[in-house]
Amino acid sequence: MSNAGRPKQTAASSGASSSTGAEPSADFTPLDEIARRFHLETFQDFLSLEQGASARTNEAYGRDLARFAVFARTRGAQQVQEVSATLLREYLYHLKDIGLAPASIRRNVSAVRTYFKFLLNEGLVVRDPSERLDTPKKWRTLPDVLSADEVARLIDAPTLDEPMAFRDRAMLELAYGAGLRVSEWITLSTKDVLYDDGVVRVFGKGAKERLVPIGRKAVAAVAIYERELRPRLERGAGAGVLFLNARGEPLTRMGAWKILRKYVEQAGITKHVSPHTLRHSFATHLLEGGADLRAVQEMLGHADISTTQIYTHVDREYLRSVHQQFHPRERLAQARAAQDPPSGDRPAASGSAPEPSSDA
């Protein structure tokens with residue numbers, strides 16, 4: 001695979017950087033040099049000569065790894081030995097962000113794993129950072145998240161025509177307002193809502209206690225339920241649990257599911273909505289509003305912030321829109337675009353060279 005006679009390309013001039021979505025580094029390392037530092041041609045020789053890979057597989061792996069090498073270079077890895085497991089995870093999320101299909105990302109994962117296994121066997125690296133790399137099949141996914149309007153319609157769905165309207169409104173307000181797991185909101189006791197402090201005391205996984213703030217609407221809805229309806233439901237079997245069914249017994253998970261499904265239909269919401277959807281919507285809406293990730297972690301009761309970070313991946317489109325709306329350079333670019341007529345509408349100056357594009 002000789003490079004003789006081939007003009008040297010750079011990460012900028014070849015278009016490799018645009019295909020990765022990453023900006024080229026300031027020193028514009030030639031692609032040939034990147035390939036050398038990352039042993040790409042040696043690996044492709046191994047694929048074709050020792051593994052007997054087809055020309056199509058060799059080409060696909062070569063293209064995938066060239067893109068990876070340029071990405072790694074722009075993230076500060078001067079050579080393959082500097083690639084970390086964290087960088088590989090960032091690369092996979094990058095592929096997801098630029099819109100690659102799961103099948104294409106799985107091929108990239110396969111290429112990276114084969115590549116690092118080869119490097120390790122050849123003694124070119126001392127560890128394999130791809131060892132625990134997840135494939136898209138293993139990525140955690142979230143159910144549909146409700147919009148703020150859909151949440152409002154859902155909570156407003158219980159009307160006074162319903163005999164259990166006070167309970168159901170309070171339950172929906174609290175489930176969404178505090179981001180509770182279904183097991184948490186059906187086991188709340190009457191003593192867990194601290195009205196004066198505007199918080200609810202929750203016992204989550206492992207009986208770990210946390211205090212979650214709740215808004216005035218949630219506080220009011222629970223207070224009305226406790227005053228107007230719960231005393232009539234309580235027949236000695238409530239065991240101090242906040243939410244009771246029509247027989248005066250603590251509400252079950254299945255009962256909560258049925259109540260939620262009923263009001264989802266009444267609200268005309270077509271998404272698949274489970275009790276956990278309210279919790280996901282709570283977290284997503286907080287992050288959209290600018291809440292700190294650590295604060296959301298505390299409210300959700302996550303032991304590890306990496307569990308909370310999943311919401312940052314589903315919310316990237318929103319973050320991009322915020323960036324475009326508020327970043328000063330983006331706003332300047334939008335203002336200029338609004339002022340400048342399209343290039344086809346500009347009168348050309350006679351005998352003059354065409355005006356350079358503002359994007360140059």
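For ALA103, indicate whether it is in contact with a Pro (Cβ under 6 Å, 6 or more places away or on another chain) and without any contact (Cβ under 8 Å) to a residue 12 or more places away in the chain. Step through it out loud before you land on a result.
On the way: in contact with a Pro (Cβ under 6 Å, 6 or more places away or on another chain): no; without any contact (Cβ under 8 Å) to a residue 12 or more places away in the chain: yes.
No; evaluated as a whole, the condition is false for this residue.
Just one of the numbered conditions (1) aromatic (Phe, Trp, Tyr); (2) at pLDDT 90 or above; (3) farther than 18 Å from LYS117 by Cβ is not true of PHE28: (2).
The one condition from (1) out of contact with any Leu (no Cβ under 9 Å at 6 or more places or on another chain); (2) at pLDDT below 90; (3) crowded, with 17+ Cβ neighbours inside 10 Å that GLU150 does not meet is (2).
Annotation: HIS94 fulfils all but one of (1) part of a loop (DSSP other than H, G, I, E, B); (2) touching a residue at least 40 places away in the same chain (Cβ under 8 Å); (3) not acidic (Asp, Glu); the unmet one is (1).
Rundown of residues vs (1) in contact with a Leu (Cβ under 6 Å, 6 or more places away or on another chain); (2) modelled with pLDDT of 70 or more, yes/no style:
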| site | (1), (2) |
| --- | --- |
| ARG247 | no, yes |
| LEU251 | no, yes |
| ALA267 | yes, yes |
| LEU287 | no, yes |
| LEU293 | no, yes |
| VAL296 | yes, yes |
| SER321 | no, no |
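For ALA165, the conditions (1) of a type outside the set (Lys, Arg); (2) farther than 15 Å from LEU244 by Cβ; (3) modelled with pLDDT of 95 or more are fulfilled apart from (2). If you scan the stretch 48-64, which residues turn out to be within 17 Å of VAL112 (Cβ to Cβ) and surrounded by fewer than 22 Cβ atoms within 10 Å (Cβ to Cβ)? Answer for the stretch 48-64, where residues must be within 17 Å of VAL112 (Cβ to Cβ) and surrounded by fewer than 22 Cβ atoms within 10 Å (Cβ to Cβ): GLN51, ALA53, THR57, ASN58, GLU59, ALA60, GLY62, ARG63, ASP64.
Residues that are in a helix (DSSP H, G or I) and farther than 21 Å from PHE203 by Cβ within the stretch 274-293 comprise THR277, SER281, THR284, HIS285, LEU286, LEU287, GLU288, LEU293, listed in sequence order. If the condition is being small (Gly, Ala, Ser) and within 22 Å of ALA35 (Cβ to Cβ), then the stretch 74-111 contributes GLY76, ALA77, SER84, SER104, SER110, ALA111. Quick one: is ARG107 over 14 Å from PHE43 (Cβ atoms), of a type outside the set (A, V, I, L, M) and not in a helix (DSSP H, G or I)? So ARG107 does not fit the description; no.
Residue-wise test of (1) more than 22 Å from VAL264 (Cα to Cα); (2) surrounded by 14 or more Cβ atoms within 10 Å (Cβ to Cβ).
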position	(1), (2)
PRO163	no, no
PHE166	no, yes
ARG169	no, yes
GLU173	no, yes
LEU188	yes, yes
LEU194	yes, no
ARG201	yes, yes
GLY204	yes, yes
ALA207	yes, no
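Looking across the stretch 129-141 at every residue that is crowded, with 16+ Cβ neighbours inside 10 Å and assigned to a loop (DSSP other than H, G, I, E, B), the one that is modelled with the lowest pLDDT is identified as LEU133. When residues in the stretch 200-227 are screened for being among the charged types (D, E, K, R), touching a helix residue (DSSP H, G or I) at 6+ places or on another chain (Cβ under 8 Å) and not in a helix (DSSP H, G or I), 1 of them pass.
The values are calculated or read from the model by the stated rules, or taken from the named source; none is laboratory data. Since the structure is predicted, the reported quantities are computational estimates derived from the model, not experimental observations. Cβ coordinates were reconstructed from backbone atoms using ideal geometry, including for glycine residues, and neighbour counts include every protein chain displayed.
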